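Since every read-out is calculated from the coordinates, none of them should be taken as a lab result. Bear in mind the structure is a predicted one, so any value in this text is a computation, not a measurement. Counting neighbours? That spans all protein chains shown, and the Cβs are built from the backbone with ideal geometry, glycine included.
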Amino acid sequence: EAKLAGKNTFAFYSADMTRMARRRLELEEALTTGLAGDQFELFYQPVYSIGSGELIGAEALIRWRHPDWGLVSPAEFIPLAEETGLIVELGGWVLEEAARQLRQWLDQGLDPGFVAINVSSRQLVRGHFPGFLKRVVKEAGIPANRLEIELTESSLLALGDRTTELLAEMRDTGARLAIDDFGTGYSSLSYLRRFKVDKLKIDRSFVNELAMEGGGEGIVKAVVRLGQAMELEVQAEGVELESQLITLAELGCDSFQGFLRAAPMPADEFRKRLGEGHSVA
Ligand code: C2E
Ligand code: MG
Ligand code: MG
Ligand code: MG
């Protein structure tokens, strides 16, 4: 009987794995087609100063408009793009598109502040990102410090020996550097000592806790203090409630993004906000 169960279990896993492998392959092919077929788009989520309430920048977030599947979340395809190496091309497109858009807004006399993009470790190493970044900035004719590069702690860790060298090259481009999802990875403190970054982004999960009964503000407070001590900007992500914003203001956090003020939106919508000369929280 045990044998039979084992056999069934195997059959079950095997069918499941085949299905998963097929789904993966399908997704991989669709990603390649999508890249060639202009199916990707950047959404922009406004970032606000907590002190003044003014819009100070935006995070560019990729969206995939698949002809049959509709809008696909990056959480679904970024990991696969990373595994397959497609992230180099996809991430390259993200940077070029963000730079092009920034150029256009500046040409229209609009001031979007900074534009942040997410860059994965695979992309940093394989695509020789710093050199590429320099070229894109030069070709688009934008000030490099208008671009903010978001790296996660885990992607810094994944760089291993090459971290120092790559981050030094990144600094050299003049772009701003931010650590994304700060607090969820490892080695944050030793990295902060060794590499100069401009900003820490407090992960949404910690901001979320600010809303809880008997609220855990410990980590948020610690990150804000750390940022102040090291003269780094601290930005909170995932702010959904007024009470969270009030606590963040009390703790001395510099800036925030979140559904409370604005969700990620298509470029034209973001442009309208810029035109309105948006202000005051
Ligand atoms: P992330 O960089 O931490 O981006 C923040 C995510 O939080 C975004 O999800 C954003 O829509 C969401 N968010 C913002 N405010 C709120 C809020 O108030 N409440 C909640 N519940 N969520 C909020 P999104 O756009 O689905 O992106 C997910 C992740 O995919 C990003 O996390 C980032 O790691 C990755 N990603 C997105 N675009 C790119 C890209 O162009 N390149 C790379 N390598 N990764 C990207
Ligand atoms: Mg990010
Ligand atoms: Mg983040
Ligand atoms: Mg996050």
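Quick look at the numbers
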{"quantity": "Gyration tensor verdict on the range 47-89 (Cα atoms; rounded if a/c is under 1.5, prolate if a/b is larger than b/c, oblate otherwise)", "calculated": "prolate"}
{"quantity": "Within the range 204-281, GluC sites (Glu not before Pro) in DSSP loop having at most 12 other beta-carbon neighbours inside 10 Å", "calculated": "GLU213, GLU231, GLU276"}
{"quantity": "Dipole in debye (nearest 20) - the range 220-273, about Cα centre, beta carbon charges: Lys, Arg +1; Asp, Glu -1", "calculated": "80 debye"}
{"quantity": "Contact order relative to length of the range 1-141, as percent, for alpha carbon pairs under 8 angstrom and 6 or more apart", "calculated": "21 percent"}
{"quantity": "Given charges at beta-carbon only (K, R positive; D, E negative), |dipole| of the chain in Debye", "calculated": "600 debye"}
{"quantity": "The chain - convex hull of alpha carbons, volume per residue in Å³", "calculated": "172 Å³"}
{"quantity": "Shape parameters for the range 95-156, alpha-carbon atoms, Rg then Dmax in Å", "calculated": "12.2, 38"}
{"quantity": "Too-long pairs where the Cα-Cα distance tops 28 Å, listed order kept, from LYS221/LYS272; LYS134/LYS199; LYS138/LYS221; LYS196/LYS272", "calculated": "LYS221/LYS272; LYS138/LYS221; LYS196/LYS272"}
{"quantity": "Relative contact order, percent, the range 122-200 [alpha-carbon distance under 8 Å, six or more residues apart]", "calculated": "33 percent"}
{"quantity": "Three-way shape call for the range 54-124 based on the alpha-carbon gyration tensor, with the a/c threshold at 1.5", "calculated": "prolate"}
{"quantity": "Å³ per residue enclosed by the Cα convex hull of the range 131-281", "calculated": "131 Å³"}
{"quantity": "Charge tally in the Cβ shell below 10 Å around ALA175, where Lys, Arg are +1 and Asp, Glu are -1, ALA175 excluded", "calculated": "+1"}
{"quantity": "Over the range 57-205: Kirkwood hydrodynamic radius from C-alpha pairwise inverse distances, Å", "calculated": "15.9 Å"}
{"quantity": "Kirkwood Rh in Å, taken over the range 197-281 so that all alpha-carbon pairs contribute", "calculated": "13.6 Å"}
{"quantity": "Length gained when the stretch MET20-THR84 is fully extended (0.36 nm per residue, less Cα-Cα span)", "calculated": "21.5 nm"}
{"quantity": "Length-normalised contact order of the range 123-281 in % [C-alpha pairs under 8 Å, at least 6 apart]", "calculated": "16 percent"}
{"quantity": "Volume per residue of the C-alpha convex hull in the range 174-215, rounded to whole Å³", "calculated": "78 Å³"}
{"quantity": "Share of Cα-Cα pairs in the range 154-227 lying beyond 20 Å, as whole percent", "calculated": "35 percent"}
{"quantity": "Placed amide H near THR152: partners under 5 Å, 5+ positions off or other chain", "calculated": "ASP180"}
{"quantity": "Spin-label proximity, GLU209 to the range 128-164 - amide N less than 19 Å from point 7 Å beyond Cα toward beta carbon", "calculated": "153-154"}
{"quantity": "R0 of 22 Å, Cβ-Cβ distance GLN104-ARG126: FRET efficiency to nearest 0.05", "calculated": "0.15"}
{"quantity": "Estimated 222 nm signal from helices in the chain, with DSSP H stretches of n ≥ 4 weighted -39500 (n - 2.57), rounded to 500", "calculated": "-16000 deg cm²/dmol"}
{"quantity": "Descending Cα extents along the principal axes, the range 112-189, whole Å", "calculated": "36, 25, 17"}
